[in-house]
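> Okay, handing you the structure first.
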Amino acid sequence: MTREQARGAREIAVVAFAQTDHRRTSEEHSEVEMLMPVLHDVLEQTGLKTADIGFTCSGSSDYLAGRAFSFTLALDGVGAWPPISESHVEMDGAWALYEAWTKLLTGDADTALVYSYGKSSPGSVRDVLTRQLDPYYVAPLWPDSVALAALQAQALIDAGETDEPALAGVAARSRAAATTNSHAQLRGSVPHGEYVVRPLRTGDCPPIGDGAAAVVLAAGERARQLCARPAWIRGIDHRIEAHGLGVRDLTDSPSARLAAEKAGVFEQPVDTAELHAPFTAQEVVLRKALRLDDRVTVNPSGGALAANPIMAAGLIRIGEAAARIHRGESDRALAHATSGPCLQQNLVAVLEGDPR
Amino acid sequence: MPEVLKAPLVVEFPFTRSLGPVQSAFLTGLRERVVLGVRTGDGRTLVPPVEYDPVTAEELRDLVAVASTGTVTTWAWNHEPRRGQPLAAPFAWVLVRLDGADTALLHALDAPGPDAVRTGMRVRIRWAEERSGAITDIACFEPYDGENTEITYHAGEFEGPVTGIVAHARLDYTYSPGRAQSAYITALSGRRTVGERCPSCRKVYVPPRGACPTCGVATAEQVEVGPRGTVTTFCIVNIKAKNLDIEVPYVYAHIALDGADLALHGRIGGIPYDQVRMGLRVEPVWTEGARYPDHYRPTGEPDADYETYKELL
């Protein structure tokens, strides 16, 4: 739905957000054991009980778990018996939030619980992500996620839009910002390291880790009852580009730009942007596509370079942006989530607090 | 906390995928050392070819041949090749725009080192010696400073076209079952069955998964259940599973162990399959060295009253 269509529809806000501490491994916990504390956290923040929730939607991936229908086990954590109104996306939780938002727009529910989680530690995430590629022409070559991001980085360098020191600067700024984020996996000064796939060094890549996040959405007056300063979703849209990497201009992100336009980002300035840019060069692409200048605080949480729990990192961007509005640190924030190689799919949301 | 259990888990599957007319022509062409692209309505040539225009979604069928030489549009040096990748020695990932094409193909470039690679360099296809109609029929690209190759016309029709590929996928994991299931498995090694009691509704779940699916809260209080139990419902299996040495027909049942509020499932033995019934009292049978009961057999007790297990079906 575009901003034009959303006008006049019900107001929907993020009213609570919680996340785990993101760590290299959480092997002592199953997915549901890892997830439950954040589910309980958002419910406590709002005073809601599981039975009060109108709609539940989650995001996760069987390929991370190495098991079919893995999300069904996590459902134990939301009290799924007796049956609840529930759905799942095999994507980042940001897309689950999009589905929950449309559900609330229909008026079928007044509150929604959105959660997502990913344990990357049991497998090799670079190999796992190859399985989302075109199975005919690309996946048989097993190009891993870092390799594809490195092709994008080199294209940007060749285009004169960045260089390796500038990319190191993105990494350093992100991890410095994360010093105030107790949940982050990588904080403070992190060595930029050796090449993983040139031109990307370890510092240009996100940490591999496990984590979960949860958000509560509420509509209209319900949101005001549950949260002192709701983060109203003024627009949200997601777009996708061709799966063929060689068809795309990797130095640009027309899908992120179009999603931002449809979400209403360009109508007024934003003060904060939480970008889901797992690789340093991707922040360069997104800043340009989303027209973010130096007046915008980008990734005060540290972003995906500080913690990148796959399937939850995009939902965390929305949660972090909303939490800044809850705390009064932002009035109009942009939240972005991505999926697929080289920013193939992009979701953009605009969140606003009531005027102060 | 007991030691975290871990075990290797390999997920492996040979995906059999059928090809559409354009993919079939392209991959068959590779087998014959011919590279085909597809022409879009606005006159662009897409290589590798797709069946629908990525911009207009228009159906594409107009196949054209392109050259086996081309230009690198971007690259990345891969000094540590991973399993399944095209070359075992360090190589460059490249996007190559073949002469005659307007888009680029992803593949590997065999080069001595990163200093030998740059955007804009000329390369050509090195064909695999044995070709079957797959993207790996291109072994890799190699640097090329010769003349541009002539593009010869090709209609995209071949003898014995490839109509499908088998895409092997293998992913390796180290599976860890988490706290609750680890405790369950550890107890089983002592031939004990433990569940966990929900602090809210007091139900005992077995096997425990660490959460109560009714209340959505964590469970932690361990409760030993069984060893005896009651068959709550069952089915008769008549088809022999591959690699299974159990003779059919046999009975697979839901068994509510004494003290448990959830039935688990297991095979029933020691009784003819057509005499198994709801309410039958059973006990586990362990075999030497096994990590879980091989099957359950009748205890000889009178059948349980329906009222005692009707909530556990």
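The values are calculated or read from the model by the stated rules, or taken from the named source; none is laboratory data. Please read all numbers here as calculations on a predicted model, not as lab measurements. Note that we place each Cβ from the backbone using ideal geometry, even for glycine, and neighbour counts take in every protein chain shown. Surface accessibility is based on the protein's heavy atoms, side chains included, excluding ligands, DNA and RNA. Shrake-Rupley method; radii C 1.70, N 1.55, O 1.52, S 1.80 Å.
> Kindly list the residues of the stretch B:211-228 that lie in the label zone of A:Ala51, defined by a backbone N under 14 Å from the point 7 Å along the Cα-to-C-beta vector.
Hits in the stretch B:211-228 for A:Ala51 at 14 Å: B:214-217.
> Taking a point 7 angstrom from the Cα of A:Ser87 along the C-beta vector, which residues in the stretch A:25-69 have backbone N less than 16 Å away?
A:54-60
> Would you mind giving the mean number of other chain beta-carbons within 10 Å of the Cβ of each residue in B:88-95, as a whole number?
Mean partner-chain Cβ count within 10 Å for B:88-95: 3.
> Once label points are set 7 Å from the Cα along Cα→Cβ at both A:Glu329 and A:Glu194, what is their separation, rounded to one decimal in nm?
3.7 nm
> Also, I was wondering about something else. So what's the angle, to the nearest 10 degrees on a 0 to 90 scale, between helix B:21-31 and the longest Cα principal axis of chain B?
70 degrees
> Looking at the square roots a ≥ b ≥ c of the eigenvalues of the Cα gyration tensor of the protein assembly as shown, which shape do they give, rounded for a/c under 1.5, prolate if a/b is larger than b/c, or oblate?
Numbers: a/c = 2.09, a/b = 1.33, b/c = 1.57.
Judged from the Cα gyration tensor, the protein assembly as shown comes out oblate (a/c at least 1.5, b/c at or above a/b).
> Which GluC sites (Glu not before Pro) from the stretch A:247-334 combine a DSSP loop assignment with at most 14 other Cβ atoms within 10 Å? Each step should come with its number before you reach the end.
Numbers: sites: A:Glu261, A:Glu267, A:Glu274, A:Glu283, A:Glu320, A:Glu329; in loops: A:Glu329.
Filter output for the stretch A:247-334: A:Glu329.
> Peptide A:151-158: average number of partner chain Cβ atoms within 10 Å per residue?
Details: counts 10, 2, 2, 13, 6, 1, 2, 6.
Taking all residues of A:151-158 together, the mean is 5.
> How tilted is helix A:93-105 with respect to the longest principal axis of chain A? Cα atoms for both, answer in degrees (0 to 90, nearest 10).
In chain A, helix A:93-105 runs at an angle near 30 degrees to the longest axis.
> How much of B:Tyr175 can a 1.4 Å solvent probe reach, expressed as accessible area in Å² and rounded to 10?
Counting only protein heavy atoms, B:Tyr175 exposes about 70 Å² to solvent.
> Also, quick follow-up: Under 8 Å for C-alpha pairs, at least 6 residues apart: give me the relative contact order for the stretch B:235-305, rounded to a whole percent.
Numbers: 108 pairs, mean separation 16.3, N = 71.
Answer for the stretch B:235-305 is 23 percent.
> With every protein chain left in place and a probe of 1.4 Å, what is the accessible surface of A:Met91, to the nearest 10 Å²?
The accessible area of A:Met91 comes to roughly 40 Å².
> Sticking with this one: With a point put 7 Å past each Cα toward its Cβ, work out how far A:Asp108 is from B:Thr186 in nm, to one decimal.
About 4.3 nm, to one decimal.
> Given the protein chains as shown and a 1.4 Å probe, how many square angstrom of A:Ser253 are accessible, to the nearest 10?
We get 0 Å² for A:Ser253.
> Could you sort B:His265, A:His183, A:His336 by their accessible area in this structure, using a 1.4 Å probe and putting the largest first?
Values: B:His265 110, A:His183 55, A:His336 0 Å².
Order by accessible area, largest first: B:His265, A:His183, A:His336.
> Also, I was wondering about something else. How many partner chain Cβ atoms sit within 10 Å of a residue's Cβ in peptide A:335-342, on average, as a whole number? Each step should come with its number before you reach the end.
Working: counts 0, 0, 0, 0, 0, 0, 0, 0.
Other-chain Cβ atoms within 10 Å of each residue's Cβ, averaged: 0.
> Still on this model: Nothing charged except the Cβ atoms of Lys and Arg (+1) and of Asp and Glu (-1): what's the magnitude of the dipole of the stretch A:11-145 about its Cα centre? Round to the nearest 20 debye. Could the numbers behind the result be given before it?
Details: 8 positive and 20 negative charges, 54 e Å.
The calculation lands at about 260 debye.
> Suppose a student asked you for the relative contact order of chain A, using Cα pairs under 8 Å spaced at least 6 residues apart; what percent would you report? It would help to have the intermediate numbers written out before the result.
Details: 834 pairs, mean separation 91.7, N = 356.
That works out to 26 percent.
> Given 0.36 nm per residue, what is the gain on full extension from B:Asp115 to B:Glu159 after removing their alpha carbon distance, in nm? Don't skip to the answer; put the middle values down first.
Working: separation 44, 0.36 × 44 = 15.84 nm, distance 4.26 nm.
Separation in residues times 0.36 nm, less the Cα-Cα distance, equals 11.6 nm.
> Quick one: net charge around A:Gly211, please, counting Lys, Arg +1 and Asp, Glu -1 for every other residue with C-beta under 14 Å from its C-beta. All intermediate terms of the calculation are to be shown ahead of the outcome.
Working: positive: A:Arg23, A:Arg24, A:Lys119, A:Arg317; negative: A:Asp21, A:Glu27, A:Glu31, A:Glu33, A:Asp41, A:Asp92, A:Asp210, A:Glu320.
Surrounding charge for A:Gly211 is -4.
> Ignoring solvent entirely, what values of log10 I(q)/I(0) come out of the Debye formula for chain B at 0.09, 0.13, 0.16 Å⁻¹ when each Cα is a single scatterer?
Each listed q maps to, in turn, -0.72, -0.89, -1.26.
> Output the relative contact order of the stretch A:228-272, whole-number percent, from Cα pairs under 8 angstrom with separation of 6+ residues. Show your work: numbers first, answer last.
Working: 27 pairs, mean separation 20.7, N = 45.
Reported as a whole number, the value is 46 percent.
> Mind giving me the nanometre distance, one decimal, between the label points for B:Glu58 and B:Arg39, set 7 Å out from Cα along Cα→Cβ?
1.2 nm
> Please arrange A:Phe279, B:Phe26, B:Phe158, A:Phe266 by accessible surface area, largest first, computed with a 1.4 Å probe and ligands excluded. All intermediate terms of the calculation are to be shown ahead of the outcome.
Working: A:Phe279 20, B:Phe26 0, B:Phe158 40, A:Phe266 65 Å².
I get A:Phe266, B:Phe158, A:Phe279, B:Phe26, largest accessible area first.
> Moving to a separate point now. B:Arg83 to A:Arg224: FRET efficiency via 1/(1 + (r/R0)^6), r the Cβ-Cβ distance, R0 56 Å, to the nearest 0.05?
On the way: r = 54 Å, r/R0 = 0.97.
Given R0 = 56 Å and the Cβ-Cβ separation, E is 0.55.
> Assuming 0.36 nm per residue, please report the length gained on full extension of the stretch B:Glu32 to B:Ala7 beyond their Cα-Cα distance.
Numbers: separation 25, 0.36 × 25 = 9.00 nm, distance 4.48 nm.
This chain segment gains 4.5 nm when fully extended.
> Could you sort A:83-90, A:187-194, B:216-223, A:139-146 so that the peptide with the highest average Cβ count within 10 Å comes first and the rest follow in order?
Going from most to least packed, we get A:139-146, B:216-223, A:83-90, A:187-194.
> Just report the Cα centroid separation between the stretch A:289-350 and the stretch B:1-67, whole Å.
Using only Cα atoms to place each centre, the spacing works out to 33 Å.
> Continuing with the same structure: Taking the Cα centroid of the stretch B:176-195 and of the stretch A:96-162, what is the distance between the two, rounded to the nearest whole Å?
35 Å
> Still on this model: Using a 1.4 angstrom probe on the protein heavy atoms only, could you order A:Lys262, A:Lys119, B:Lys203, B:Lys6 from most to least accessible area? Spell out each step's value before the answer.
Details: A:Lys262 60, A:Lys119 10, B:Lys203 90, B:Lys6 120 Å².
The ranking, largest first, comes out as B:Lys6, B:Lys203, A:Lys262, A:Lys119.
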